[in-house]
Amino acid sequence: MPYFSKLLFLLFCLSIIAESREQMTRRWTGPMETHKPGTPLSKKTHDGTKTKKIKTEQLLRVDDFDFSMRPAFAGPAIPVGVDVQVESLDSISEVDMDFTMTLYLRHYWKDERLSFPSTSNKSMTFDGRLVKKIWVPDVFFVHSKRSFIHDTTTDNIMLRVFPDGHVLYSLRVTVTAMCNMDFSRFPLDTQTCSLELESYAYTDEDLMLYWKNGEESLKIDERISLSQFLIQKFHTTSRLAFYSSTGWYNRLYITFTLRRHIFFFLLQTYFPATLMVMLSWVSFWIDRRAVPARVSLGITTVLTMSTIITGVNASMPRVSYIKAVDIYLWVSFVFVFLSVLEYAAVNYLTTVEERKERKHREKQLPCTCGMSHARTMMLDGTYSESDANSLAGYTRTQVVSDEQEKMVVHLSMSSDSTATKKKGIFKGYRGFRIIKNTHAIDKYSRMIFPGAYIFFNLIYWSSYC
């Protein structure tokens, strides 16, 4: 019996030791809270994520309702407010006649099926995973070519639900939409483009789409800028759109006006074209007998103008009407081409006149038949001083009047002429005008071509600026 009592006492002591060791283990492995000196003691904030709560779907009663139908189905149209914040205007394409814009699109509506009890009246914010389980407005972009919701690093979708059932649905979208541009005044044009929003399935009897705060519903980043355009203004409008097969729909418009910068086109198009026209006028001061010089200058300016016109049209859509830049370039091309035709006319008329004068002079010259040492020579402007010295020993017998373009001289050989007589003859030739190298058409062209081009520029810039 004493042994049995000792055994019970030993077991009791072992149980006490084991329990005290377990309490010590819990004490050292449990979280320790420290208090920072200088801060008031306050009650620990409750962390809702560490307590067992019901699921979000159960809190919002997602499974209790059919969210395939709009709120207040079979009742009045549900109002859906919209506001937009434009983040960037990425590009404007004249060739494709479209624009690309990145924006934040926000929807506001009330769905009483999503109301939930709350003592603090605070909203709950969710990501895009809940959007697939509830009803959201089916807003789309009219006349859009491409659009997508950004998904880096996750889908850029935010859903905020308030206790009374009000919902804020926001997403970040990049859209490329059509813009009907008029290039009749290009590059001195102003373009107006619109981004249109509309419900795809719900007519105005089921969904009333409106700007939530009027003109204040559209916010623009002040840092937005484009290389070729100056953004003048953004504004919002709304109207009804009718489809013959489905009915009337509310449509919202974001309209912006762009004015093109002209300086780039002045440097790349207008100045080169003007310089080519002025370069073609240089041929009016070149000797009409310098055929290679004048022809090569004319052909070069014509080909350069053709290259400028081709380069401008390559960056433009193939429209069927005339643009302002086309008028300037083609008029400049006509001026360059007329300068080439002007020299063709000068060269032809010169040849005709020479033939007539040659025939006329041959009739007026006396017969030189039977003269042993007589020759007939025609002097033109191509003779140099050495060529004139080679005429030593010849005496002048007849000179045609100074008003004629060429001088035909009948020379006879004189074997007894002296050196003194030779010097006296050619001293008179130095002051005598042998040939006139400037045609009357060149003289008039020097004044008519620049005057007509200046007059054209005055009318052009006063009409389009």
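For the reader, a short list of remarks on this structure follows.
- Pairwise centroid distance, computed over Cα atoms, of the stretch 204-239 with the stretch 106-184, Å: 17 Å
- At full extension, Gln85 and Tyr210 could sit 43.5 nm farther apart than now, given 0.36 nm per residue minus the alpha carbon distance.
- Rounded to the nearest 10 Å², the accessible area of Asp66 at probe 1.4 Å: 80 Å²
- Gain in span if fully extended, Leu14 to Thr237, counting 0.36 nm per residue against the direct Cα distance: 71.7 nm
- Debye-formula intensities of the stretch 206-261, expressed as log10 I(q)/I(0) at q = 0.18, 0.21, 0.23, 0.30 Å⁻¹, are -0.74, -0.85, -0.92, -1.21 (one equal scatterer per alpha-carbon, no solvent).
- Ranking Trp330, Trp109, Trp461 by solvent-accessible area of protein heavy atoms (1.4 Å probe, all protein chains present), from largest to smallest, gives Trp330, Trp461, Trp109.
- The stretch 186-321, relative contact order [Cα under 8 Å, separation at least 6], %: 26 percent
- Segments 354-361, 137-144 sorted - mean Cβ within 10 Å per residue, highest first: 137-144, 354-361
- Calculated FRET efficiency for the pair Phe455/Leu230, C-beta based, R₀ 41 Å, to 0.05: 0.85
- Ser283, Ser462, reordered so the largest accessible area comes first (probe 1.4 Å): Ser462, Ser283
- Alpha-carbon radius of gyration plus Dmax, which is the widest Cα pair, for the stretch 73-217 in Å: 18.0, 64
- Ranked by solvent-accessible area (1.4 Å probe, protein heavy atoms only, all chains present), the residues Asp64, Asp90 order from largest to smallest as Asp64, Asp90.
- Prolate/oblate/rounded call for the stretch 147-255, Cα gyration tensor, a/c under 1.5 rounded: oblate
- Once the Cβ-Cβ distance of Phe264 and Glu112 is raised to the sixth power relative to R0 = 45 Å, the FRET efficiency obtained is 0.20.
- Plainly put, the stretch 82-139 has a radius of gyration that is 1.15 times its Kirkwood radius, both from alpha-carbon atoms, as the Rg/Rh ratio.
- Amide N proximity, the stretch 265-288 versus Glu353 label position 7 Å along Cα-to-Cβ, cut-off under 19 Å: 283-288
- Note on Arg239: accessible area is roughly 130 Å² with a 1.4 Å probe, heavy atoms of protein only.
- Where GluC sites (Glu not before Pro) fall in DSSP loop in the stretch 117-206, at most 14 other Cβ within 10 Å: Glu205
- Note on His150 and Asp96: the model spin-label points, each 7 Å out from Cα along the C-beta direction, lie 1.9 nm apart.
- The solvent-accessible area of Leu89, taken with every protein chain present and a 1.4 Å probe, is close to 10 Å².
- With the simple spin-label model, which puts each label point 7 Å out from Cα in the Cβ direction, the Thr119 to Thr310 separation comes to 8.2 nm.
- Residues within the reach of a label modelled at Tyr104 (point 7 angstrom out along Cα to beta-carbon, backbone nitrogen below 11 Å), restricted to the stretch 179-219, are 219.
- For the stretch 189-329: span of alpha carbons on each principal axis (Å, largest first): 85, 39, 16
The values are calculated or read from the model by the stated rules, or taken from the named source; none is laboratory data. Remember, it's a predicted structure, so these values are computed and weren't measured experimentally. Note that we place each Cβ from the backbone using ideal geometry, even for glycine, and neighbour counts take in every protein chain shown. Surface areas here come from the heavy atoms of the whole protein model, side chains and all, with no ligands, DNA or RNA. Shrake-Rupley method; radii C 1.70, N 1.55, O 1.52, S 1.80 Å.
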